[in-house]
Structures are given as C-alpha cells and as structure tokens.
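Reading through the structure tokens given below for one structure.
The values are calculated or read from the model by the stated rules, or taken from the named source; none is laboratory data. What you are looking at is a predicted structure, and each value in this text was computed from that prediction instead of being measured. All Cβ positions, glycine included, derive from the backbone under ideal geometry; neighbour counts span all protein chains shown. Quick note on the areas: whole protein, heavy atoms, side chains included, nothing else; ligands and nucleic acids left out. Shrake-Rupley method; radii C 1.70, N 1.55, O 1.52, S 1.80 Å.
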Amino acid sequence: MSYVQRVMDTLKEKYAYEPVFLQAVQEVLQSLQPVLDRNGKYEQYRILERIVEPERVISFRVDWVDDKGEVQTNRAYRVQYNSAIGPYKGGLRLHPSVNLGILKFLGFEQIFKNSLTGLALGGGKGGADFDPKGKSEMEVMRFCQAFMTELVRYVGATIDVPAGDIGVGGREVGFLFGQYKRLTRSYEGVLTGKNLLFGGSLVRTEATGYGAVYFAQSMLEARKESLEGKTCVVSGAGNVATYCCQKLLQVGARPVTVSDSRGMIHDPDGIRLDVLKQVKEVERASLVRYAELVPSAKHVPVSDYPKGRNAVWSVPCYAAFPCATQNELNLADAEALLANGCRCVAEGANMPATLDAVHAFLGAGIAYGPAKAANAGGVATSQLEMAQNASMQSWDFETVDAKLRQIMSGIYENAASTAAEYGQPGNLVMGANIAGFRKVADAMLAQGIC
C-alpha cells in the first residue's frame, strides 16, 4: 500500500464525519506521488501525517445580544493550520453552514494557495455559524465585537492575520478591527480587507475576481487563445463574482450569468455591473430584483434548476468562472459545459468542482485553473495590504493591480512548469499541488520536528 493511501485510510477512519475536508485532502494527496517518489525524506519524517493535521484548532462560544435584548449564542472556530512559511493567513466565514470540517477543508487549501503566491504566508481559516443576513447593522456589530473579544488572544500582525470570506465584507472587518484596537490599544495590520480610511488596500475588494480572470488569461495566452469577445458564465453574486464580471467586461468578454441562493440571472446582453452592485451591495437584495430592473434578464429560481444540477452551467459559453461555494459544479454540470463548447474553467470559489468534475475537465484537455491557483488573488493582495501596513504606506490602484497581475502570472508559470517537470504538461492541478506542497514540506523539513 502506498504512503498516500495509508495516510488517506487513517484520515477516513478518524474524520469520516468531515467529508468535505476528506475531499480536499484527497484532491491534493492523489497528485503528490511523483514528488514523494523523488524525495524519501517526506515519508521518513512523516510530512503527510503532519501537514494534514492543523497545528492548532481553537473553538469558542460567542454570546451577543440582539435588538430585542435577548441573548444569542453561536459556535466559532479558528483553525491555525500551518505556519512553516509565515504567519497563519486566511479568511473568516460567517454562515449557518460553518462547522469544523468546512473550516479544516478551507484551511488545508489555504496552505497551498498561500505557498503558490510566493509570499511569506501560512495557512489558516475561521468563522462562526452566525448568519448576517436579516440582521440589523447593530446586531452585526455586536456579534463582531463579541467574536473578536474571544479571538483577540490568538491573532496578531505576525501571528495570525484573518481576512474576509463569505458573510464577512468591509463592514464586518471594520467592526472586528475596531474591537481589536479597543482591546489591544494597538494599531496594526491584524486584519486585511480593511476600509481605506484605516489601513486598507486598493484592489483588495476586487482582487479574487480580478485574479481569476488574470489566471484564465495566462492559461489561454499559453494556448494562443483569448477571452476577448467571448461569452462567459459566472456563478455567485458576492465580491468574487461581481469583480470577476467587472474584469471580464474590461478585457472585452461578455459575462451573461450570476447566481445567489434563490436562483440565477441569465442576461444574454451581458451582466449590468451597475445594477448588480446596486442590488447586492446597496439594497442587499435577491437577484429577483435584478430581473425587475433589467428587461433583457431572466431569473431562473432554484426550484426550476435541472435535478441535481446548477442551471448556470447549462448556458453555452467559452469560459466558466465558478465563484460561489464548494461543490457547486458536479460531473453532470461539467459534462454540460463541455458539450456546449466550454474551453476554459477558472475557479474563483474554494473547491467549487467535485473530484469527478475535475477529472472530466482534465480528461477533456481544456484550460482548467484549480481554485488554489486561480483564486489566490485575494490572499495575495491581503499580503500586499500587510506590507503597506508594516511600512505605513499606501500604494495607488495601478501599483497594486500590477503586482496582483504579476503574482497571478507567476502562479500560472510555477504550476505549469512543475506539471511539465513531472511529465504532465497542462495538468495545473498536479502542478499547483506539487509546487505548493514542495515549498511548505521543505520548510517543515528544515525546521525539524516542531
């Protein structure tokens, strides 16, 4: 039995109740056999057994008071996964679905994503089962303050630097930062995604969506192809999806879909960015509202989706950008995309495609950018925000955007050259996994058993 299989079998016994975490680990480990064969020290020093287990998991209760004066309680976590190459770095997610298994999956992915950026960042993730939807501004503030009151003892500018994720935007980061500052009397870059008024960075809001498009461009340029004039489908309607659409429009492509928990919008004329921002960022409304404002747009409710499918992936397109959530694109969706002529998939969300969907894309030989490579723009720009905070500087939009594009191009080149090195040219899943793993594993070896 191979080293990889032994580790996976042990994990399945220990964490059978965490299927998404096991899926994330399997996706990485099944790519690593070639690099494990070349370096026996990885098995000798049990690198896989160590890298799949978080260095620390912090679990705590968050008590807060709602607008009715009633006490509410939520469960929260911070998974500090791996600090071999830098301080823990990864977002905070506020959503009813949050549990330890999901955060372990996200934190595990973050290790390799952060490694691929070439920056000094370890991997971590956190969040709570609190739902900001339907809460008043004051309720969100009170929750964030209570959350940071517990989290404060575990984070710091050179220890653990959280950021935003689902349910945590600029508003929530502001409330968290304000409470951190109050409790520590310290003005430092302990959170990224902050408001420009107090240490935030230009491009941070746009970074993940922009980065996914930049990565797609790098993949296509290597094939002498382009996004210009092409129809694209995008899932999600948060920051990642919105700014993915914005960058697609800027490069001459036509995004025709977005989606949320209630359904999808299909607008053959192209997504109206001004309307999308008004509906989602100002009104905080469902995409049903978008269809009310744009005559050419059709809203398809989730109840009308094909059984076991996501209707976004049934729309004919040249390129697809999954920007919503994990496992939103399954094998049937992948087959629909391929049948309709899709030539490129760049993942803006974390692990949006199931393992069999990934295998379908690789088997078809299309340009496929896995999440840990294609959606690394957000964390890369977070590190640029950290650098600006540390030096008490503020860079202009063009400077940060140029650095982001350079980083995304570098990630592509690293993944592509590593795939070729191991005899799998074009397999960016293998290339990204091995390149990300090798840097962290070698750092762990150099630091001894610690």
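Structure values in brief
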{"read-out": "Residues of region 1-45 classified as open to solvent by less than 50 Å² (accessible area, probe 1.4 Å), in a loop (DSSP other than H, G, I, E, B) and touching an Asp or Glu at 6+ places or on another chain (Cβ under 9 Å), total", "value": "1"}
{"read-out": "First in region 36-55 and closer than 18 Å to residue 108 by Cα, second anywhere and open to solvent by less than 100 Å² (accessible area, probe 1.4 Å) and assigned to a loop (DSSP other than H, G, I, E, B), Cβ under 7 Å, 6 or more apart", "value": "55/83"}
{"read-out": "Count - residues of region 167-188 that are surrounded by fewer than 23 Cβ atoms within 10 Å (Cβ to Cβ) and part of a loop (DSSP other than H, G, I, E, B)", "value": "6"}
{"read-out": "Some residue of region 217-229 being over 23 Å from residue 140 (Cα atoms), in contact with a Lys or Arg (Cβ under 8 Å, 6 or more places away or on another chain) and open to solvent by 30 Å² or more (accessible area, probe 1.4 Å)", "value": "yes"}
{"read-out": "Which numbered condition residue 211 fails, given (1) under 14 Å from residue 276 (Cβ atoms); (2) in a helix (DSSP H, G or I); (3) small (Gly, Ala, Ser)", "value": "(1)"}
{"read-out": "Members of region 169-192 that are in contact with a Gly (Cβ under 7 Å, 6 or more places away or on another chain) and at pLDDT below 95", "value": "170, 189, 190"}
{"read-out": "Unique match (being over 28 Å from residue 24 (Cβ atoms) and in the same structural domain as residue 65 (by the TED database)) among 134, 101, 122", "value": "134"}
{"read-out": "Subset of region 312-341 (residues that are buried (at least 24 other Cβ atoms within 10 Å of the Cβ) and over 13 Å from the mean Cα position of the chain (by Cα))", "value": "312, 313, 317, 319, 320, 329, 333, 334, 337"}
{"read-out": "Selected residue [open to solvent by 50 Å² or more (accessible area, probe 1.4 Å), over 18 Å from residue 320 (Cα atoms) and under 22 Å from the mean Cα position of the chain (by Cα)] from 292, 281", "value": "281"}
{"read-out": "Qualifying residue in region 14-32 (condition: among the basic types (Lys, Arg) and either under 23 Å from residue 436 (Cβ atoms) or in contact (Cβ under 8 Å) with a residue 24 or more places away in the chain (or both))", "value": "no"}
{"read-out": "Criterion violated by residue 161 - all others in (1) surrounded by 21 or more Cβ atoms within 10 Å (Cβ to Cβ); (2) free of Cβ contacts under 8 Å to residues at least 12 places away in the same chain satisfied", "value": "(2)"}
{"read-out": "Tally of residues being within 23 Å of residue 121 (Cα to Cα), touching a residue at least 60 places away in the same chain (Cβ under 8 Å) and open to solvent by 10 Å² or more (accessible area, probe 1.4 Å) across region 68-81", "value": "0"}
{"read-out": "From 104, 89, 113, residue being assigned to a strand (DSSP E or B), open to solvent by less than 50 Å² (accessible area, probe 1.4 Å), of a type in the set (Lys, Arg) and touching a strand residue (DSSP E or B) at 6+ places or on another chain (Cβ under 9 Å)", "value": "89"}
{"read-out": "All helices (runs of 4 or more DSSP H) inside region 367-450 with 3 or more residues being over 19 Å from the mean Cα position of the chain (by Cα)", "value": "377-391, 397-421, 428-447"}
{"read-out": "Filtered residue count, region 236-252, keeping only those that are farther than 17 Å from residue 377 by Cβ and open to solvent by less than 30 Å² (accessible area, probe 1.4 Å)", "value": "1"}
{"read-out": "Those residues of region 155-173 which are of a type outside the set (A, V, I, L, M) and more than 23 Å from residue 97 (Cα to Cα), in sequence order", "value": "156, 158, 160"}
{"read-out": "Region 342-357, residues that are open to solvent by 10 Å² or more (accessible area, probe 1.4 Å) and part of a helix (DSSP H, G or I)", "value": "355, 356"}
{"read-out": "Selection status of residue 434, closer than 23 Å to residue 46 by Cα, surrounded by 18 or more Cβ atoms within 10 Å (Cβ to Cβ) and of a type in the set (Val, Ile, Thr)", "value": "yes"}
{"read-out": "Some residue of region 387-408 being among the aliphatic types (A, V, I, L, M), at positive phi, surrounded by fewer than 21 Cβ atoms within 10 Å (Cβ to Cβ) and not assigned by the TED database to the domain that holds residue 28", "value": "yes"}
